[in-house]
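The values are calculated or read from the model by the stated rules, or taken from the named source; none is laboratory data. Just so we're clear, the structure is a prediction, and the values are computed from it rather than from any experiment. For neighbour counting, all protein chains shown are included, and Cβ atoms are generated from backbone atoms with ideal geometry for every residue, glycine included. Remember, those area values only see protein heavy atoms, side chains included, never the ligands or the DNA or RNA. Shrake-Rupley method; radii C 1.70, N 1.55, O 1.52, S 1.80 Å.
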Amino acid sequence: MFRIKTLNQISPTGLSVLDASRFTVSDGVENEDGVLVRSADMQEYVFPPALRAIARAGAGTNNIPVDRCSESGIVVFNTPGANANAVKELAVCALMLASRDVVGGVEWVKAQARAGEDVAKVVEKGKSQFVGPEISGKNLGVIGLGAIGVQVANIATKLGMTVYGYDPFLSVDAALSLSRLVHHVTDLTAIYKNCDYITIHVPQTADTKGMLNAAAFDQMKTGVRVINLARGGLVADEDMIAALESGKVARYVTDFPDNALTLVKNVVPIPHLGASSPESEENCALMAAQQLRDYLETGNIRNSVNLPTLEQDWSGETRLCIIHRNVPNMLASITAALSRENVNVENMTNKSKGNYAYTIVDVSARVGDAVADEIRAISGVLRVRVLRH
């Protein structure tokens, strides 16, 4: 029986794939094998001995101590693409909010009504202060062409925009999904210099934090409109405030408001609604639960942020799942350990991701703990799991 701890409310649609005869799911379980989480902060989370995997129902993993998980042999999953449609739809809305002062206009109309004015008459006189440009015929720069960025780029072409897309790590799947009308550029400068609107869809990392800063704004058109539905830390607050005050940025729409920016003129703060739709929450929960279930039951990994994707058909009596450092001679050491225990390998697959690697070994015999202990003793091995049919 696997024990799964939920740190947030998880959609019943996702939990339904965890068979009650094999999984105990609760926010109160102890020494959990797996964790399902959405936004709960796990940075100081104490890992119990049994913890093998954490599945985040969403794309970002900033709330999870990924490096510490890797060193502890814990797989971290996310759900790329599960919320893409919801964020894409909000991005379309954000384009309109960046163009016309809809929010300010609505508040002004309500204020007129509260003051006892004849709204139908005063709106005709006062509407000019809230006008803005159409997006059709304008240039849009999409920074990041993952599951969300591709959808935003594609739909923007249908709205009559000329779209430039930038992603130095463009995957084959994303490239195949990208509309041929999107201009793929290899330098951010092309976006900064040419685009009237810029929307950012990249994860927040050490390399991307604060990437929209004074140096970036200096290269942009005067009056550019910026949309950030990815992560607040991608934009340097002080530099954005200066760009707004100077008119370099005409409007900033962000789904990650903070105290520094929220009350600044021409900032449109949205309360983190990007993935907040019933459909998105169900999709994320379902994908997260499926990935967690498959890993715990079969050892197969899909959509991990710290370990490689590796799926192998089961071809033996026992499966050894080995998380280890990506160092030379590791496979030779593993096979040598198996040979010393007279274990015959039926099938073996190894893949790496950065400093870490994952190896699945299917063996014909029903091996005991001695084999796993022999492998655990190898320098660089972080976790060994033994699964049996």
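Taken along the Cα-to-beta-carbon direction at a fixed 7 Å, the label points for residue 96 and residue 387 span 4.6 nm. A convex hull fitted to the Cα coordinates of the chain yields 167 cubic angstrom per residue.
Fully extending the segment from residue 19 to residue 67 would add 14.2 nm, taking 0.36 nm per residue of separation and subtracting the current Cα-Cα distance. Considering only alpha-carbon pairs that sit under 8 angstrom and 6 or more positions apart, the relative contact order computed for segment 1-105 is 21 percent. Helix 84-99 and the longest principal axis of the C-alpha atoms of the chain enclose an angle of approximately 20°.
About the centre of its Cα atoms, segment 33-121 shows a dipole size close to 220 debye [charges on the beta carbon of Lys, Arg (+1) and Asp, Glu (-1) only; nearest 20 debye].
About the Cα centre of the chain, what is the dipole size in debye to 20, counting +1 per Lys and Arg Cβ and -1 per Asp and Glu Cβ, all else neutral?
Numbers: 37 positive and 42 negative charges, 125 e Å.
Charge dipole, the chain, about its Cα centre: 600 debye, nearest 20.
Per the Debye formula on identical point scatterers at the alpha carbon atoms of segment 16-153, with no solvent, log10 I(q)/I(0) at q = 0.10, 0.12 Å⁻¹ is -0.62, -0.73.
Ranked from largest, the principal axis spans of the Cα set of segment 99-145 equal 49, 19, 12 Å. Against the main long axis of the alpha-carbon atoms of the chain, helix 237-246 sits at an angle near 20°. In segment 276-389, Cα pairs under 8 Å separated by at least six residues give a relative contact order of 31 percent. Using helices alone, I'd like the mean residue ellipticity at 222 nm for the chain: each DSSP H run of four-plus residues gives -39500 (n - 2.57), total over residue count, nearest 500. My calculation for the chain gives -9500 deg cm²/dmol from helical runs alone. Which stretch or stretches of segment 247-286 have amide N atoms under 12 Å from the point lying 7 Å from residue 183's Cα along the Cα→Cβ direction? Hits in segment 247-286 for residue 183 at 12 Å: none.
Across segment 260-378, Cα-Cα pairs farther apart than 24 Å form 44% of the total.
Give the angle, between 0 and 90 degrees and rounded to the nearest 10, that separates the Cα long axis of helix 278-298 from the longest principal axis of the Cα atoms of the chain. Its long axis makes an angle of about 20 degrees. With protein chains left intact and a 1.4 Å probe, residues in the chain average 47 Å² of accessible area per residue.
Hey, what's the Kirkwood Rh for segment 227-277 if you take every pair of different alpha carbons, in angstrom?
The Cα-based Kirkwood calculation yields 11.0 Å.
Percent of accessible area on segment 54-197 owned by carbon and sulfur, 1.4 Å probe? Carbon and sulfur atoms account for 54 percent of the accessible area of segment 54-197.
The fraction of Cα-Cα pairs per 10 angstrom bin, counted from 0 for segment 160-236, comes to 17, 51, 29, 2 percent, rounded to whole percents. The listed peptides 89-97, 364-372, 75-83, ordered by packing as a protection proxy, come out as 75-83, 89-97, 364-372 (highest mean of other Cβ atoms within 10 Å first).
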